Amino acid sequence: MQIRSRPIAGAANALALALLTLLSACADPPTATPSISPAVVTAVTPSTELKVTQGFRKMVTLAGVRAHLEELQAIADASGGSAGIGGAGAIATEQYVFDRLQAAGFAVQFAPYDFVYNDDRTAPILQRISPNPLVFANGVDFMSMSYSGNGDATAVVQQVDLTIPSTGTTTSGCDAADFAGFIPGRIALVQRGFCPFAQKSQNAQAAGAVGVIIMNEGNTPERLGLLGGTLLEGSGVTIPVVGTTYAVGLELSNLTIAGDQVVRLRVDRVVEGRVARNVVAESDVGDPNRVVLVGAPMTNSDGGPGIVESSGAAALLDIAEAYAFSERTPRNRLRFVWFSGGTQGANAYASALPTEAVGRIAMMLSFEALGAPNFARLVYDGDQSTFSGSPTNPPGSGAIEQSLLDYFTSSALAVGAEAMPSNASPSLAFTGRGIPAGGLTTGTTQLKTAEQASLFGGTAGAALNPCYNLACDTMNNLSDTALDQMSDAAAHATLIFSRRNFTKAPLVTP
């Protein structure tokens, strides 16, 4: 990697650069190590590590991270409001990240992968024709299900085994017997709960339904809002299927009880093979047999601008640019990866790694959604002491967690735990290949607990990111406080693990 200058403004940044240069000069030089087990580290006190990264953290700024996000917002705006994987917004986002890294002097490349693209070709429609005509708002009141069939049906709505109010045990539409008495040619109104959306839709289709409306369950605050979901590829469902809020479902249910209610339901989704591109940049300093892979989700899977979802990617880009300008003597090689489509891209990248390449990756750090508006500062539970998990995380994951926890403790910031492994985290793709992993997030659709509200502020009972995968996930949906604090934590972890001494011995925590 060719080191290039990065403009710095003001005496504070100049002082930060001088401090970082001094620390680099005093650091131990890289040492050659034969093949290693996933392990870290020489014992180091957290307070010492905090001092080591102080200058570097000052170079990774809130203004820098926001500037990247402003560019991603502009890209989404120019692409119909979406940065969804495989679309024009995602392609432009991938190119933006590539170009910035190339300008910073990295050896950067695209890592393309094939996937099945499924998204709205035109906006779905849910409209009550009679009685009381009403047009429901896409993305607010309802949304199409991924892998829904296409169609435009105007028909009477018939509810199917609803439980109102729900006790959390609804099985609406899960059994063929639920559709006994269903009149073919109608639109089925079913309720979330117990079985997959595809199963409910398959049963409705078999009973002669021309469309399916799946209302949220309504038994908890988390199950009141807009219901999004997937029928999964290959479900065989050919009729239009949408999800709604509990309130919309309740309104439709009440009018259905009162008499015939006619609704228009239209879904027009595209399903086709496309190519997405992960972006990979690797430094040319540090031991190539001891790779610290640092990744973040870039672009989202379900449309919308995805600004909070991309906040980890923006922070990682600012970190990479700062690293290109400043770092000289790491022990370990740093590899930065931006995953197009989030977990989908991570799965494609990790599964394609040859066994020999996996053996050279000592650990993986994942930085995700660092700016949720109703945030919690969360560290992935590598040792599974808070959330028991299956499968068991690879040895070393707990020490990564501990190092991140130590950073927050040393910085006098409260922190909580997030379950790991998690299907929503790119880290799962790497732990599945035996690579220890850890990371940071401020949350997505999970509701903030009362305990989290007391630690971090915000609103208990509300989603950490209420705009997840929605059109409102814009620059106006960010918490600058969270973004600033979590970007600092990500910068600290990146620099520290680039310098940690990996050995064959069991992991030693600071």
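All of the numbers you see were taken from the coordinates with simple rules; none came from a lab. Everything quoted here is computed from the prediction, not taken from an experiment. All Cβ positions, glycine included, derive from the backbone under ideal geometry; neighbour counts span all protein chains shown.
Here are the numbers for the structure shown:
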| quantity | calculated |
| --- | --- |
| For the stretch 217-228, Karplus couplings with θ = phi - 60° (6.51, -1.76, 1.60), whole Hz, Gly/Pro x | 6, x, 8, 9, x, 5, 10, 9, x, 5, 9, x |
| Mean Cβ neighbour count within 10 Å, used as a protection proxy, ranking 481-492, 56-67 highest first | 481-492, 56-67 |
| Potential lengthening between Ala88 and Asp268 on full extension [0.36 nm per residue; Cα-Cα distance subtracted] | 62.9 nm |
| Those aspartates and glutamates that a straight Cα-Cα span of less than 19 Å connects to Lys51, excepting residues fewer than 8 apart in one chain | Asp28, Glu327, Asp406, Asp484, Asp488 |
| Cα centre as origin, Lys/Arg/Asp/Glu Cβ charges: the chain dipole, Debye | 840 |
| Thr122-Thr154 pseudo-label distance in nm [points 7 Å out on the Cα-to-Cβ vector] | 1.5 |
| Sequence ranges 164-177, 429-442, 210-223, ranked by mean other-Cβ count within 10 angstrom, highest first | 429-442, 210-223, 164-177 |
| With Cα atoms, 0 to 90° folded angle of helix 10-26 axis to the chain main axis | 60 |
| Extension gain from Ile183 to Gln95, taking 0.36 nm per residue of separation minus the Cα-Cα distance | 26.5 nm |
| Projected label distance in nm at Leu455 and Cys472, using a 7 Å step from Cα toward the beta-carbon | 2.6 |
| Gyration tensor verdict on the stretch 334-373 (Cα atoms; rounded if a/c is under 1.5, prolate if a/b is larger than b/c, oblate otherwise) | oblate |
| The stretch 291-434: C-alpha gyration tensor shape, a/c 1.5 cut-off, then a/b vs b/c | rounded |
| Net lengthening on full extension, Phe194/Leu413 (0.36 nm per residue, minus Cα-Cα) | 75.0 nm |
| Projected label distance in nm at Thr355 and Ala258, using a 7 Å step from Cα toward the beta-carbon | 6.8 |
| Over the chain: helical MRE at 222 nm, DSSP H runs n ≥ 4 each giving -39500 (n - 2.57), nearest 500 | -10000 deg cm²/dmol |
| Tensor-based shape of the stretch 367-445 (alpha-carbon gyration tensor, a/c under 1.5 rounded, otherwise prolate or oblate) | oblate |
| Listed residues Gly193, Leu455, Ile496: farthest to the positive end of the dipole of the chain (Cβ charges) | Ile496 |
| The stretch 431-449 and the stretch 270-333: distance between their alpha carbon centers, rounded to Å | 16 |
| Nearest 10 degrees, 0 to 90: helix 480-499 Cα axis against the chain principal axis | 50 |
| On Cα atoms only, tilt of 62-77 relative to the major axis of the chain in degrees | 40 |
| Burial ranking of peptide ranges 382-391, 106-115 (average Cβ count within 10 Å, highest at the top) | 106-115, 382-391 |
| Calculated SAXS-style log₁₀ I(q)/I(0) at q = 0.06, 0.09, 0.10, 0.13 Å⁻¹ - the chain, Debye, Cα scatterers | -0.30, -0.65, -0.78, -1.19 |
| Fraction of antiparallel bridges per DSSP, the stretch 239-346 only, in percent to nearest 5 | 30 |
| Rounded to 5, percent antiparallel among DSSP beta bridges of the chain | 50 |
